[in-house]
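The values are calculated or read from the model by the stated rules, or taken from the named source; none is laboratory data. Since this is a predicted model, take the numbers as computed values, not measurements. Here the Cβ is made from the backbone with ideal geometry for all residues, glycine too, and neighbour counts use every protein chain on show.
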Amino acid sequence: MSRFGEIYERVRPLIIWLGLGQLAWIGFWLLNFGDTTPGYMVTVVVWLVVMLAWMALVIYLGNRGVFLRHTRWLSNLAGFVLVLALPAALFGGIDVAREGLVLAASHTSNLQLASFHVLRLLAIGTVIKYIQGQLPLHFVILGSVPDLLFAASAVVATILEATAPLGLDFLIVWHFVGFFVFFGAGISMFFSVPSLFRIYDDEPDASLVFQFPMLLAPNFTVPLFALAHLFALVKLFTT
C-alpha cells in the first residue's frame, strides 16, 4: 500500500469524523456569542488545539497497540479523565474563562444541547460488531443498549423542545442520566480483558474496544458527549 493509501486508511473511519464534528460543534457553542474577551478566546483555542493533539496521539498509540497492551492499567480511561479534567482546569481555574463559559452556556439553546446527543445513535455500530461476533454480549447490554436508548430519548427530547420548551427539572435529570449512562460501557469493557475487573474468559472479548479505530470512543467521542452534558448543566444551574 502506498503512503497515501496508509494515511487514507487511518483517517477513513467514521468515528474520526464524528469526533471532529463534535469538537467543531462544541467549539461553536463556546464562541457563538459576541461579548468574548481575549483571555477567554485564548483559553478556547488552547483547549481545541490540545484536543486535536490528543486525538492524533490516541490514533498513533492505538495503531501501535499501546492501549491494548496496558488494559491492566485501565488504559481506556485515560482519555475520559483527560478530556473532562482539562476543561475543568482551564475554564474552572481561570476567572475570565469561567465567566466566558457561563456566558457561552447561557447563549446555547436547550434544543442544541439535546440534539447533540442524537449522534449517539451511531452506537448501533457496536451492536453490529456484536452480531458479527467481534464484541461480547455483556458490553452490548451494559454499554450499547443504554446508550442507544438514551440516543432515542434525545430524538424525542429534540422534537419536544422544538415544539414546546421542556421543564428545567426534566432537563437537569435528563442530562445527569445521559452522563451516567456511559459508566456501564466504561466498566464493562474491562470485564473480558486482562484487568482488575475481569470476570469473563470467553470469546469474543472486548479487546476491539482497545484497538484503533474503536478506542477513539472511550478516549475521545464518549468523553466529548459527557462534556456536552456538563456544559448543559452549567447552563441549567446558572441561568
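Table: residues versus (1) free of Cβ contacts under 8 Å to residues at least 24 places away in the same chain; (2) out of contact with any Leu (no Cβ under 7 Å at 6 or more places or on another chain).
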{"position": "VAL66", "(1), (2)": "yes, yes"}
{"position": "ALA78", "(1), (2)": "no, yes"}
{"position": "VAL83", "(1), (2)": "no, no"}
{"position": "LEU119", "(1), (2)": "no, no"}
{"position": "VAL140", "(1), (2)": "yes, yes"}
Quickly run through region 23-38 and pick out the residues that are surrounded by 14 or more Cβ atoms within 10 Å (Cβ to Cβ) and in a helix (DSSP H, G or I).
LEU23, TRP25, ILE26, GLY27, TRP29, LEU30, LEU31
Give me a count of the residues in region 54-85 that are over 19 Å from PHE210 (Cα atoms) and either in contact with an Asp or Glu (Cβ under 6 Å, 6 or more places away or on another chain) or among the small types (Gly, Ala, Ser) (or both).
1
Applying the selection to region 127-153, what residues are in contact with a helix residue (DSSP H, G or I) (Cβ under 7 Å, 6 or more places away or on another chain), β-branched (Val, Ile, Thr) and within 23 Å of ALA228 (Cβ to Cβ)?
VAL127
Quick one: how many residues across region 150-165 are closer than 15 Å to GLY125 by Cα and free of Cβ contacts under 8 Å to residues at least 24 places away in the same chain?
0
Only unsatisfied item for SER109, checking (1) within 16 Å of the chain's Cα centre (by Cα); (2) surrounded by fewer than 19 Cβ atoms within 10 Å (Cβ to Cβ); (3) at pLDDT 95 or above, is (1)
List the helices (runs of 4 or more DSSP H) that sit entirely inside region 134-219 and contain at least 2 residues that are touching an Asp or Glu at 6+ places or on another chain (Cβ under 8 Å).
182-188
Failed item, numbered, when ASP95 is tested on (1) over 20 Å from PHE225 (Cβ atoms); (2) without any contact (Cβ under 8 Å) to a residue 40 or more places away in the chain; (3) surrounded by 13 or more Cβ atoms within 10 Å (Cβ to Cβ); (4) of a type outside the set (A, V, I, L, M):
(3)
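Quick grid of which residues meet (1) touching a helix residue (DSSP H, G or I) at 6+ places or on another chain (Cβ under 6 Å); (2) closer than 30 Å to PHE191 by Cβ; (3) surrounded by fewer than 17 Cβ atoms within 10 Å (Cβ to Cβ); (4) at pLDDT below 95:
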residue: VAL58; (1), (2), (3), (4): yes, yes, no, no
residue: LEU61; (1), (2), (3), (4): no, yes, no, no
residue: LEU74; (1), (2), (3), (4): no, yes, no, yes
residue: LEU90; (1), (2), (3), (4): yes, no, no, yes
residue: ALA105; (1), (2), (3), (4): yes, no, no, no
residue: ARG120; (1), (2), (3), (4): yes, yes, no, no
Can you name every residue in region 122-151 that is of a type in the set (Gly, Ala, Ser) and either exposed (fewer than 13 other Cβ atoms within 10 Å of the Cβ) or under 14 Å from VAL209 (Cβ atoms) (or both)?
ALA123, GLY125, GLY133, GLY143, SER144
